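The block underneath contains the structure these notes are about, expressed in structure tokens.
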Amino acid sequence: DQDEETSNTSESLESVSLADTSAEKATQGSDTDLEVEDPEKAFVGITGTELYLEACRLMEVVPVSHFIQNLAKPYINLNHHGLGPKGVKAIAIALVSNTTVTHLELEDNCILAEGAICIAEMLRENSSLQELNISNNHLDTAGAEAIASLLLDNMSYLHTLQLSGGLWLQLAGRSHCLCTFVSLQGNYQVKELDLSHNEFYEKGGQLLGQMLASNTTLEILDLSWNHLRRQGTVALGTGLRSNSALKILNLSWNGVGNEGALALGEALKVNTVLVHLDISNNQINNEGAKKLCRGLEVNGKLKILKMANNPLTMEGASALVTSVRKNPKSMMEEINISNVLVNETFIKLLDLVCQTHPELDVIYGEVEGCITKIPKQHPNPMKVIQNYLKEHNLRLWDFFRNIDKDGNMKIPVAAFQRAMMQQSSIPLDRVQIGELVRKLDRNRTGVVDY
């Protein structure tokens, strides 16, 4: 009898599919390809919490109270809950017809390929979920292909997808999961994609380059920690030349090297959309920085360049700042070379460049010689402003409103720096203005919210 009961339970579990969960849609007469053929099916006529609890019963998993409590809210965070594939399947069943959850976090739940396939099936029916995090879940080949197929068919409403560390495979070269890249060539939904920590190597970079050459939707791409190296970065640079959508690209910790920097520099000569490039920790020395500068000297779009923890010296730092000086079209607002030791000559060069590019903020290391001599003391910039306002019988509110041309009480940092540098009534230098910005924008949001 026990064997027979076990057999029946197994058959019940196998019969449970996400198609069954469309009962609510079917009973309401909505258009769907999923039809309930058997009215005795477990999920007919139930929705929400009741549907989830019934799914948990059939999956033989313990219901997650946090999921139940937030089922009617737009954001649910189930990271590190140890759900496993069956636990995620129950959640997927409950979300098929859900219309409130727009952001779901499922990182580190060991959902494996089985769970990823259930999530993909759910997304083909769900029309509300827009942001999904399934990082670090060991999706394996079948799971990766299920997600790739979903993207290829443009069958979901996702615009943000996080797959960091989620595509680990034992297969040499990880060639099977690279289909995810190819699937994005014709995808017109996903705008933000995190594929960091997946060890795709140079082959992955080559396929990504092909994807970027044709994709017209993706705006944010994180490829950090993927061992793309020289060949992978060269292919990415080729793709960036014709890309017309990507705004933010993170290539940190990829062993890009000088040849990769050259490829990116060539891409920046013609790319007209990228505004943020992170190539920190990539073994780029002064020679590579100079090659990158070939693009920076003509690019009129890039605003943020992060190059921290590369083996640069004063020579490379000066080349980067000089490239902005040579480019009248430069929109550069931040260059991060925070590990580089600079000297007074560099500071004078930076002051000179900031006269024509007042919005530029260069984050560098210590200034050579500051240890042996007393650093120049600057008056507190906020006190300087307050004293000026007091002398002229003005209010601090009036001061900010004069800079805030749009009147929305939020001033972009670049616009604030430019206004402060260009005004002559309040005696503040570049260093004081930088200190003031860091105080007014402590969280580095890029906006001074007065």
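The values are calculated or read from the model by the stated rules, or taken from the named source; none is laboratory data. All figures in this text were calculated on a predicted structure; none of them were measured in a lab. Glycine also receives a Cβ, built like all others from the backbone with ideal geometry; neighbour counts cover every protein chain displayed. Please note that ligands, DNA and RNA were not included when accessible areas were found on the heavy atoms of the full protein model with its side chains. Shrake-Rupley method; radii C 1.70, N 1.55, O 1.52, S 1.80 Å.
Odds and ends about this structure:
- Taken over segment 244-256, the criterion of being open to solvent by 10 Å² or more (accessible area, probe 1.4 Å) and touching a helix residue (DSSP H, G or I) at 6+ places or on another chain (Cβ under 7 Å) is satisfied by GLY255 alone.
- Against the criterion of being closer than 17 Å to LEU161 by Cα, assigned to a loop (DSSP other than H, G, I, E, B) and of a type in the set (S, T, N, Q), ASN109 qualifies.
- Of all residues in segment 420-432, those satisfying the criterion of being part of a helix (DSSP H, G or I) and crowded, with 18+ Cβ neighbours inside 10 Å are MET420, MET421, ARG430, GLN432.
- Taken over segment 131-148, residues that are modelled with pLDDT under 90 and open to solvent by 30 Å² or more (accessible area, probe 1.4 Å) amount to 3.
- Neighbours by Cβ (under 6 Å, 6+ apart or cross-chain): first from segment 238-267, on the phi > 0 side of the Ramachandran plot; second of a type in the set (Lys, Arg) and open to solvent by 10 Å² or more (accessible area, probe 1.4 Å): GLY255/ARG229; GLY257/ARG230
- Search result, residues across segment 150-165 that are part of a strand (DSSP E or B) and either in contact (Cβ under 8 Å) with a residue 40 or more places away in the chain or of a type in the set (S, T, N, Q) (or both): THR160, GLN162
- Per-region count, segment 26-53, residues modelled with pLDDT of 80 or more and open to solvent by less than 40 Å² (accessible area, probe 1.4 Å): 4
- Set ILE111, ILE68, ILE76, ILE119: member being modelled with pLDDT of 95 or more, over 26 Å from the mean Cα position of the chain (by Cα) and of a type in the set (Val, Ile, Thr): ILE68
- Options ASN282, ASN226: the member that is buried (at least 21 other Cβ atoms within 10 Å of the Cβ), of a type outside the set (A, V, I, L, M, F, W, C) and either assigned to a strand (DSSP E or B) or within 18 Å of the chain's Cα centre (by Cα) (or both): ASN226
- Selected residue (only one of LEU221, LEU264, LEU240, LEU249 is touching a Leu at 6+ places or on another chain (Cβ under 9 Å), closer than 19 Å to LEU296 by Cβ, at pLDDT 95 or above and assigned to a strand (DSSP E or B)): LEU249
- Number of the condition not met by ILE119 [criteria: (1) in a helix (DSSP H, G or I); (2) open to solvent by 50 Å² or more (accessible area, probe 1.4 Å); (3) free of Cβ contacts under 8 Å to residues at least 60 places away in the same chain; (4) not basic (Lys, Arg)]: (2)
- Within segment 335-354, the presence of at least one residue that is farther than 28 Å from VAL273 by Cα, open to solvent by less than 90 Å² (accessible area, probe 1.4 Å) and among the aromatic types (Phe, Trp, Tyr) is confirmed.
- For segment 285-300, residues that are part of a loop (DSSP other than H, G, I, E, B) and either touching a Lys or Arg at 6+ places or on another chain (Cβ under 9 Å) or within 18 Å of ASN250 (Cα to Cα) (or both) total 4.
- Of residues in segment 79-99 being under 24 Å from the mean Cα position of the chain (by Cα) and free of Cβ contacts under 8 Å to residues at least 40 places away in the same chain, the one most open to solvent (accessible area, probe 1.4 Å): HIS80
- Out of VAL324, VAL362, sole residue that is outside any loop (DSSP other than H, G, I, E, B), touching a His at 6+ places or on another chain (Cβ under 6 Å) and open to solvent by less than 60 Å² (accessible area, probe 1.4 Å): VAL324
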